[in-house]
Amino acid sequence: MQDAVSHTLRFAALVLLLGAAAGPARGDDAAVLTSQTETLKPYPAVRYFCSPAAKSPAPEQLFGNPEAWPWRATGNEMANLGFTADHCWFHLTVRNQDNAENEWRLVVNYALLGQLDTYVLTSDGERLAHFSAGMDSAFNERASAEATPSFPLNLPPGEQRELYLKVVSPHSIQLPLELMSNPAFQSATLAHTLVQGLFFGGMLVMILYNLSLFFSIREKAYLLYVCWSLAITLFMAVLHGYAQKYLWPGSALISQYILHYLLPLLVILPSLFTLHFLGLPERSPPLARLLRGLVGLGVAVSAFILAQVVSSDDSATAQEAVQAVKDVPAKIAGKPVAPRRKKKRASLCQSPPFLVPFMC
């Protein structure tokens, strides 16, 4: 008899565990800000769903009946959906339990999202604010001046906000979220900017030093090293949002395409540098052939991307791209540049699978 009861209890526990694993399609009810909270990663309260563009709901349609959609919980981890052409909606509820701070920031620590729309609603469904960010829009159209997307959130003690984020991106969709009080946000931004400034300053010193060596001894390897270092520095600036902020804030076009050309360069330039610096054609012909193959692959990918862009966009887009590049020195010098209309991105991710890492 006792064995039967024991087996029954074990079976019931197993059913409960399975039910919890398959449980509701949302995490905790809300991300709660207490009197001790300065920063909070609200992943347990985040849920999401993705759908093709044709089936993605309009904001009003979603807000009117949010429970009609197939939400899924992200659990205790950051949402990382990989490469997808779907339109993805994220939702979380934030409640200020007893924190005296009214002004907060919702920070998205990822600068490579294409389109990021954030909607702030009251608990009754009244829309309070709408913010846009992402590489598909010009940086100077954002609500805040930080390199990575961040959105202001007014949340007095005892109140609650419903946050909806729509994400569409040709790059990997991941959403590293953090809620921060304004003092904590300013402190973290200052520390991060200082560290990044040291990195970019060090890279600039190294680039200028090797460029001076090239002009002194005319050795091609130093020029290739300078170009390689420039490509890496620009890639890191794009990755952290500084290039969009300081180099081309008025051009969404460069932001949309810059990585597609930088990534092949990060294959071509180190291969060329290694070939010349180590003298591989004389010392190791098999390795030299391998590196030349990598250079050829990088050039082929770059040519393919250029052909995709030219075939997908009209001549006006090409002229805009040229003008945007010409505007970069003026932006560095702090001179005003007239804004230009935004063009639709070419669909570069509809490419052979082996090219996707370079272009998406």
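The values are calculated or read from the model by the stated rules, or taken from the named source; none is laboratory data. All values derive from a computational prediction rather than experimental measurement. Quick reminder, even Gly has a Cβ in these numbers, built from the backbone with ideal geometry, and neighbours come from all protein chains shown.
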When you look at Ala221, is it farther than 30 Å from Gly114 by Cβ and hydrophobic (A, V, I, L, M, F, W, C), yes or no? yes
Checking Ser216 against (1) at negative phi; (2) assigned by TED's automatic domain parsing to the domain that holds Ser56; (3) surrounded by fewer than 14 Cβ atoms within 10 Å (Cβ to Cβ), the condition it does not meet: (2)
Can you confirm whether His130 is more than 24 Å from Ala31 (Cβ to Cβ) and not hydrophobic (A, V, I, L, M, F, W, C)? no
Under the condition of being more than 17 Å from Phe90 (Cβ to Cβ) and in contact with a Gly (Cβ under 7 Å, 6 or more places away or on another chain), which residue from segment 146-175 is surrounded by the fewest Cβ atoms within 10 Å (Cβ to Cβ)? Ala147
Suppose we filter Val94, Val46 for residues that are assigned by TED's automatic domain parsing to the domain that holds His171, in contact with a Ser or Thr (Cβ under 7 Å, 6 or more places away or on another chain) and buried (at least 21 other Cβ atoms within 10 Å of the Cβ); which single one remains? Val46
Does Gly279 fit the bill of being under 31 Å from the mean Cα position of the chain (by Cα), assigned by TED's automatic domain parsing to the domain that holds Leu230 and of a type outside the set (S, T, N, Q)? no
In segment 61-73, is there at least one residue being of a type in the set (D, E, K, R), surrounded by 17 or more Cβ atoms within 10 Å (Cβ to Cβ) and at pLDDT below 95? no
Screening Leu265, Leu208 for residues that are surrounded by 16 or more Cβ atoms within 10 Å (Cβ to Cβ) and not polar (S, T, N, Q) leaves only Leu265
As an exercise: evaluate Ser229 against (1) crowded, with 21+ Cβ neighbours inside 10 Å; (2) modelled with pLDDT of 95 or more; (3) under 28 Å from Arg292 (Cα atoms) and give the number of the one condition it does not meet. (1)
So which residues in segment 185-202 are touching a residue at least 40 places away in the same chain (Cβ under 8 Å) and not β-branched (Val, Ile, Thr)? Phe185, Ala188, Gln196, Phe200
Among residues of segment 245-260, those that are part of a helix (DSSP H, G or I) and either of a type in the set (D, E, K, R) or buried (at least 18 other Cβ atoms within 10 Å of the Cβ) (or both), counted: 10
Scanning segment 74-90 for residues that are in a strand (DSSP E or B) and touching a helix residue (DSSP H, G or I) at 6+ places or on another chain (Cβ under 7 Å), the one surrounded by the most Cβ atoms within 10 Å (Cβ to Cβ) turns out to be Trp89
Taking the conditions exactly as written (at pLDDT below 95 and under 29 Å from Ala147 (Cβ atoms)), does Leu18 satisfy them or not? no
